[in-house]
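The values are calculated or read from the model by the stated rules, or taken from the named source; none is laboratory data. Just so we're clear, the structure is a prediction, and the values are computed from it rather than from any experiment. Glycine gets a Cβ as well: all are built from the backbone with ideal geometry, and neighbour counts include every protein chain shown. Accessible surface is based on the protein model in full, side chains and every heavy atom, while ligands, DNA and RNA are left aside. Shrake-Rupley method; radii C 1.70, N 1.55, O 1.52, S 1.80 Å.
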Amino acid sequence: QVQLVESGGGSVQAGGSLRLSCAASSNIVSRYCMGWFRQVPGKEREGVAAFGTGSGRTYYADSVNGRFTISQDNAKNTLYLQMNSLKPEDTAMYYCAADRRYDCYSGSWSLVTAYYYWGQGTQVTVSS
C-alpha cells in the first residue's frame, strides 16, 4: 500500500507559523487529488485544504482561508501545508490523504469518504 508520512507538527505560540510536510512513497502527489484534514477529541475529522493535480485548483475551509496555503513538489513526491497566523483553535491532529482521482472537486474535496490513502497524523498544538 502507498505510504504517507506527515512531519512538521509541534507546539507554537498563537500567531506563529508551521509548515507540515507529507512525504509519499510513490508519485501519487502528481497523480491524485491530495488533501489535509484535522481532528480534535470529540469531533469528526474535517477537511482543511486540498490540491487538485488536474486543474491546479486549491480548496480551503473557511476557518483557515487566508492563513493556510497548500502546495506540492512533484519532484520530491511531497505535499505541504504552510500554516501562518496560527490560533489555539487550530490545535488538532493533522492528516494527509490521497483521493486516487486525478483532480479534486468542490462537492467532495472535504469529505473523508472521498479519500483512499491516509497518513498516521502529526500533532499541532497552538498556545495562547
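Scanning segment 45-66 for residues that are open to solvent by 30 Å² or more (accessible area, probe 1.4 Å), free of Cβ contacts under 8 Å to residues at least 40 places away in the same chain and not in a strand (DSSP E or B) returns 56, 62, 63, 66.
Just one residue in the set 103, 99 is of a type in the set (Asp, Glu), touching a Phe, Trp or Tyr at 6+ places or on another chain (Cβ under 8 Å) and modelled with pLDDT under 95; that residue is 99. Looking across segment 76-111, just one residue is part of a helix (DSSP H, G or I), over 22 Å from residue 24 (Cα atoms), open to solvent by 20 Å² or more (accessible area, probe 1.4 Å) and of a type in the set (D, E, K, R), and that is 89. Out of the residues in segment 1-31 meeting the condition of being more than 17 Å from residue 121 (Cβ to Cβ), at pLDDT 95 or above and in a loop (DSSP other than H, G, I, E, B), tell me which one is least open to solvent (accessible area, probe 1.4 Å). If we take residues in segment 1-31 being more than 17 Å from residue 121 (Cβ to Cβ), at pLDDT 95 or above and in a loop (DSSP other than H, G, I, E, B), then 16 is least open to solvent (accessible area, probe 1.4 Å). If you go through segment 41-56 and keep only what is within 16 Å of residue 110 (Cα to Cα) and modelled with pLDDT of 95 or more, you end up with 43, 44, 45, 46, 47, 48, 49, 50, 51.
Just one of the listed residues (57, 67, 31, 19) is under 12 Å from the mean Cα position of the chain (by Cα) and basic (Lys, Arg), namely 19.
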